[in-house]
Amino acid sequence: MVKENDFDGIAWCYDFMAKLIFGERLYQASTQWLESLNKSDTVVVLGGGSGKILKQLTHVDRVIFIEKSAKMIKLAQTVDSC
């Protein structure tokens with residue numbers, strides 16, 4: 001049984017479902033201003049999901065990734081550029 005706000009149960013298909021429902025709009029909204037960040041900036045990603053956004057933050061020295069779902073954190077740890 002999946003508890004409210006528990007994304008462990010859908011971690012395996014989260015990115016697919018988000019794209020199916022929102023197309024590219026959700027990802028574009030999440031990443032729209034990331035290029036304007038400086039190398040020395042600290043970025044806090046709250047509810048970072050599978051970590052897909054981390055690929056857009058390789059130019060920043062410090063990223064704090066906060067996610068409630070342990071399975072989502074495991075997915076985020078496998079993102080190529082982390």
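Any read-out appearing in this document is the output of simple, stated calculations on the displayed coordinates, not a laboratory observation. These figures come from a predicted structure and were not determined experimentally. Cβ: placed from backbone, ideal geometry, glycine included. Neighbour counts: every protein chain shown.
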So for segment 8-77, if I pair up every lysine 8 or more residues apart or on another chain, how many of those pairs have alpha-carbons under 15 Å apart? 4
Over every pair of different alpha-carbon atoms in segment 8-77, take the mean of 1/r and invert it; report that Kirkwood radius in Å. 12.7
Longest the chain segment clear of trypsin sites (Lys or Arg not before Pro) sitting in DSSP loops (not H, G, I, E or B) with at most 15 other Cβ atoms within 10 Å runs 4-38
Report the relative contact order of the chain, percent, no decimals, based on alpha-carbon pairs under 8 angstrom and at least 6 residues apart. 33
So which chymotrypsin sites (Phe, Trp or Tyr not before Pro) in the chain are both in a DSSP loop and have at most 10 other Cβ atoms within 10 Å of their Cβ? Trp33
Given the DSSP H assignment, sum -39500 (n - 2.57) over each helix run of at least 4 residues in the chain and divide by its residue total; what's the result at 222 nm in deg cm²/dmol, nearest 500? -8000 deg cm²/dmol
Which GluC sites (Glu not before Pro) does the chain hold that lie in a coil by DSSP with at most 12 other beta carbons within 10 Å? Glu4, Glu24
